[in-house]
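First the structure, in the form of C-alpha cells, and then the observations on it.
The values are calculated or read from the model by the stated rules, or taken from the named source; none is laboratory data. For clarity, every value in this text was computed on a predicted model and none was experimentally measured. Cβ placement follows ideal geometry from the backbone for every residue including glycine, while neighbour counts extend to all protein chains displayed. The area values use the complete protein model at the heavy-atom level, side chains included, leaving out ligands, DNA and RNA. Shrake-Rupley method; radii C 1.70, N 1.55, O 1.52, S 1.80 Å.
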Amino acid sequence: MNKSGEKIKFDALCDVLRERGASARSVTAVAGPPGAGKSTLADRLAEALNNDASGRAAVFPMDGYHYDDMILNARGWRPRKGAPHTFDVEGFRHMLDRLRHNIEDEIAVPVFDRSIETARNSARIIDKTTRHLIVEGNYLLLDQAPWTGLADYFDTTVFIEVDPGVLRGRLEDRWKALDRDARLAKLEENDLPNARLVQAESRPAEFRFSD
C-alpha cells in the first residue's frame, strides 16, 4: 500500500471530523485489514462526537452487506466469506448514496451479527439529523472495481495500521472456539489473504491511524 497520508491521533481526528460536520453531514471511511480494530475506532469516534451533542454521530458498517450463506453456499464461496467478492457492493453503494444525500427523515441499515455470522436487516436507524456518519469496513479504499465506485461518497478517509503479529493474534482469538485445523483454515486460507490484499491494494487514505 502507498503509505502517503498524514499520521493522526484520536483527538486530532475527532477535531477534523467536528469541523467537517459542523454545518452538514460528513461521511468518514475507516478502512483497514480484518482484525485491525475498525469497528472499535468507529465506535470510539461516534461516542466522542455524541458527547458533544447526543445523536450527532452514527456508525454504518460495511459488513451488513455480506451475501447470505445461502448465496455463498450455492456459489461455492462460503469458505471465502469476507473476501471482496462475497459482498453486495452495489447494494452497499446505493445505501451510501441515500445516506450521503440525506433526504429521508430516517434510514434503516443492516448490521452484521458476528454471533450468528449473519446480517440483520434494518437493524440500525440513522436519522436525518446525524451530522457525522462513520463508515467502517475492510474494502472501502480497495483499488479494484466495483469498490472504486465508493470513493466519491467519503469526505474523510482513514486507514488503520497495525503490526502483523498483533493482527494475527487478534484473528486467532476471533476463531478460538474452532478446533486447530478449522482455525488455521480460517486464518491461512481467508483472513490473512484478505488482510494482505487490503494492505497491498488499498488507495492511500487522507489519514493513517495507529493506537
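Tabulated results
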{"quantity": "Criterion (among the basic types (Lys, Arg) and open to solvent by 60 Å² or more (accessible area, probe 1.4 Å)) met by exactly one of 124, 208", "calculated": "124"}
{"quantity": "Residue among 57, 53, 74 that alone is closer than 17 Å to residue 127 by Cβ, of a type outside the set (Phe, Trp, Tyr) and exposed (fewer than 13 other Cβ atoms within 10 Å of the Cβ)", "calculated": "53"}
{"quantity": "Pairs, first among the acidic types (Asp, Glu) in the range 101-129, second open to solvent by 100 Å² or more (accessible area, probe 1.4 Å), C-beta under 7 Å, six or more apart", "calculated": "113/120; 127/106"}
{"quantity": "Any hit, the range 161-180, residues being over 13 Å from residue 62 (Cβ atoms), aromatic (Phe, Trp, Tyr) and over 19 Å from the mean Cα position of the chain (by Cα)", "calculated": "yes"}
{"quantity": "Odd one out for residue 116 among (1) open to solvent by less than 50 Å² (accessible area, probe 1.4 Å); (2) outside any helix (DSSP H, G or I); (3) within 23 Å of residue 69 (Cα to Cα)", "calculated": "(1)"}
{"quantity": "Residue under evaluation residue 100, criteria (1) farther than 22 Å from residue 45 by Cβ; (2) open to solvent by 70 Å² or more (accessible area, probe 1.4 Å); (3) in contact with a helix residue (DSSP H, G or I) (Cβ under 8 Å, 6 or more places away or on another chain), criterion not met", "calculated": "(1)"}
{"quantity": "Hits in the range 1-32 - residues which are more than 21 Å from residue 96 (Cα to Cα), at pLDDT 95 or above and assigned to a loop (DSSP other than H, G, I, E, B)", "calculated": "9"}
